[in-house]
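Single-structure report; data block below.
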Amino acid sequence: MSEATEQQPVVEPQQPAATPGADFAAQVELLKAKNAELIGERRKDKEKFEALEARITELQERSNKQRQAKLAESGEHKALWEEAQKTVAQREAELAELRAAMEQQSAKALEQQVRATATPGAAAGC
């Protein structure tokens, strides 16, 4: 015979079948534990997210302040402000024109509707 040893697989003894109610209760407890773990992770992630948002806001504010300081130093700030004011005025004028045109169109449509309602024979083609 040879000296080679055969390895036999390790077999775990089967546990007696638990009652269905106990098995269900154990699953529920496992799910509750997992849920609590996930809720904890969610809270940590939310805190990290809020901290990052605060940091981004802080950096943006710092960047804006630095940019404004540079513009003020270079004298471009006033020129840019005046240009922005002109642009705003132009946009407001365009908006007023569009609103006036829209009101005219609305008035025309209402007038046509009133005429069509007032003269049913004309609308029917009599």
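Numbers below:
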| quantity | calculated |
| --- | --- |
| Under the Karplus curve 6.51 cos²θ - 1.76 cosθ + 1.60, θ = phi - 60°, whole-Hz ³J(HN,Hα) for the stretch 81-86, x wherever Gly or Pro sits | 5, 5, 5, 5, 5, 5 |
| Alpha carbon convex hull of the stretch 32-126, projected area averaged over orientations, nm² | 15.5 nm² |
| Total formal charge among the other residues, if their Cβ is under 14 angstrom from that of Lys70, Lys/Arg +1 and Asp/Glu -1 | +2 |
| Summed side-chain charge close to Ala79 - residues other than Ala79 whose Cβ falls under 14 Å, Lys, Arg +1, Asp, Glu -1 | -1 |
| Phi-based couplings in Hz for the stretch 42-48 (Karplus 6.51, -1.76, 1.60; Gly and Pro marked x) | 4, 4, 4, 4, 5, 5, 4 |
| Hz values of 3J(HN,Hα) by residue in the stretch 70-76 - Karplus curve (6.51, -1.76, 1.60), Gly and Pro given as x | 5, 5, 5, 5, 7, x, 7 |
| Leu71, Leu110 arranged by Cβ crowding within 10 Å, fewest neighbours leading | Leu110, Leu71 |
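Read-outs throughout are calculated quantities, based only on the coordinates presented, and are distinct from any laboratory measurement. If you're wondering where the values come from, they're calculated on a predicted model, not measured in any experiment. Note: ideal-geometry Cβ built from the backbone for every residue, glycine included; neighbour counts use all protein chains shown.
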